[in-house]
Amino acid sequence: MKSLEAFIRGIPKAELHLHIEGTFEPELMFAIAQRNHKEIKYNSVDEVKRAYQFNNLQDFLDIYYAGASVLIEEQDFYDLTWAYLEKIHEENVIHTEIFFDPQTHTDRGIPFATVVMGIHRALEEGKKKWGISSKLIMCFLRHLDESAAVKTLEEAIEYKHVIAGVGLDSSEVGHPPSKFQRVFERAKQAGFLTVAHAGEEGPAAYIWEALELLDVSRVDHGNNCLQDDKLVEELVRRKMPLTVCPLSNLKLKVVEELEEHPLKTMMDKGLMVTVNSDDPAYFGGYLNENFLALSQALNISKEDVVVLAKNSFIASFLDLEVKKEMIEKVDAYSRLNS
Ligand code: ADE
Ligand code: ZN
């Protein structure tokens, strides 16, 4: 019988909450900065890693946006995405849904096409080489105005064939989903699916807004739903997926200790929970490290891991037939390895 660790490492799984700019490892950051003749304010990879101490989301975002500013050429976005695919291939992630933040780049004069096509080209290559399937989700930066999001949406329409959905990220508190109701309405009319970060640092009321005003298919994070019993009831009733990010929650002090993480409580309440890595280069681990850290901190069984792996496919944007095939892979793995 496999140990829980080996079981976690081997199970086929999907990732649904991953910012591609958050996979930027310091080694690659230095290499790309050098070839683009860009300065970074650290002298070594070790110094960069030591700087990754955050007290909250904004602390992290300041460093994350500074890191992303060395990405210039289409090849940079390709290399960033390729490095992530190499990691997840080793982790038995067979499907991934990737966020990107176009405004972080277009506001620095980088063309939208450079960003999206660099990422897309790597995703195509990952499909060809390893059979990893993927979807791209374009996030609007919520600390900026809705009018800037509308402009970004207009640019995205030309790339509708490679972008499955739109999302909402960046500084949450003070920037509720209601601020983006009109641009989400337009995105839906244009045929994009919708998701939004809500209830990471923001209150349960922001999750209600994401459901009722943005008509989201998933809530990213969603931890703070536990502050509102009626909301939990509604999320369970809708089978609304929550893309939970344990190591992110620890590093950004959403929880003080992983032992206090609400993931198991959420599962016990009947919520459709998935495990994700968010920004793995900054938070100390990719998807398997998130599962492994949880398994050490909480009382997680192989059965829980199977439920979480199945949820990751159920909650994905894959077609129903493909979801069924992937869930069958999880069942087959579980039968062989339990
Ligand atoms: N952008 C990248 N990671 C994020 C997070 N955890 N919350 C909000 N915006 C983000
Ligand atoms: Zn996120």
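The values are calculated or read from the model by the stated rules, or taken from the named source; none is laboratory data. Keep in mind the model is a prediction, meaning the values are calculated, not measured. Ideal geometry is used to build each Cβ from the backbone, glycine not excepted, and the neighbour counts take in all protein chains shown. Calculation scope for accessible area: heavy atoms of the full protein, side chains included, ligands and nucleic acids excluded. Shrake-Rupley method; radii C 1.70, N 1.55, O 1.52, S 1.80 Å.
Assorted remarks:
- Condition met for E233 (farther than 23 Å from T23 by Cα, away from ligand 2 (no atom under 16 Å from the Cβ) and not in a loop (DSSP other than H, G, I, E, B)): yes
- Options L318, L294, L252: the member that is at pLDDT 95 or above, within 16 Å of ligand 2 (Cβ to nearest atom) and buried (at least 18 other Cβ atoms within 10 Å of the Cβ): L252
- Within the stretch 12-51, the set of residues being over 30 Å from M326 (Cβ atoms) and not in a helix (DSSP H, G or I) comprises N36, H37, K38, E39, I40, K41, Y42, N43, S44.
- Considering residues of the stretch 126-151 that are open to solvent by 40 Å² or more (accessible area, probe 1.4 Å) and either among the basic types (K, R) or at pLDDT below 95 (or both) only, the residue nearest to ligand 1 (Cβ to nearest atom): K135
- Selection within the stretch 57-67: residues that are near ligand 1 (Cβ under 10 Å from one of its atoms) and not hydroxyl-bearing (S, T, Y). The member of this set that is most open to solvent (accessible area, probe 1.4 Å) is Q58.
- Sole residue being closer than 29 Å to G118 by Cβ, under 19 Å from the mean Cα position of the chain (by Cα) and not in a loop (DSSP other than H, G, I, E, B), chosen from V183, V150, V219: V219
- Odd one out for H17 among (1) surrounded by 19 or more Cβ atoms within 10 Å (Cβ to Cβ); (2) of a type outside the set (K, R); (3) over 22 Å from V173 (Cβ atoms): (3)
- Matching residues, the stretch 86-125, being outside any helix (DSSP H, G or I), touching a residue at least 60 places away in the same chain (Cβ under 8 Å) and within 16 Å of ligand 1 (Cβ to nearest atom): T96, E97, I98, F99, F100, D101
- Just one of (1) closer than 28 Å to A149 by Cβ; (2) part of a loop (DSSP other than H, G, I, E, B); (3) away from ligand 1 (no atom under 16 Å from the Cβ) fails for F54. It is (3).
- Filter result for S301 (open to solvent by less than 20 Å² (accessible area, probe 1.4 Å), of a type in the set (S, T, N, Q) and within 19 Å of K13 (Cα to Cα)): no
- Search result, residues across the stretch 30-53 that are open to solvent by less than 10 Å² (accessible area, probe 1.4 Å), modelled with pLDDT of 95 or more and touching a helix residue (DSSP H, G or I) at 6+ places or on another chain (Cβ under 7 Å): I32
- The single condition from (1) under 23 Å from F192 (Cβ atoms); (2) buried (at least 21 other Cβ atoms within 10 Å of the Cβ); (3) away from ligand 1 (no atom under 16 Å from the Cβ) that C245 fails is (3).
- A281 meets each of the listed conditions (1) under 15 Å from C225 (Cα atoms); (2) more than 10 Å from ligand 1 (Cβ to nearest atom); (3) under 13 Å from the mean Cα position of the chain (by Cα) apart from (1).
- Residue within the stretch 255-277 that is open to solvent by less than 20 Å² (accessible area, probe 1.4 Å), within 13 Å of the chain's Cα centre (by Cα) and more than 28 Å from E234 (Cβ to Cβ) present: no
- Residue within the stretch 180-192 that is in contact (Cβ under 8 Å) with a residue 24 or more places away in the chain, of a type in the set (V, I, T) and under 18 Å from S316 (Cα atoms) present: no
- Selection of helices (runs of 4 or more DSSP H) fully inside the stretch 272-322 by the criterion of at least 1 residues being in contact with a Phe, Trp or Tyr (Cβ under 7 Å, 6 or more places away or on another chain) and in contact (Cβ under 8 Å) with a residue 24 or more places away in the chain returns 280-283, 302-314.
- The residue of the stretch 193-237 that is nearest to F99 (Cα to Cα), among those that are open to solvent by 60 Å² or more (accessible area, probe 1.4 Å) and without any contact (Cβ under 8 Å) to a residue 60 or more places away in the chain, is D215.
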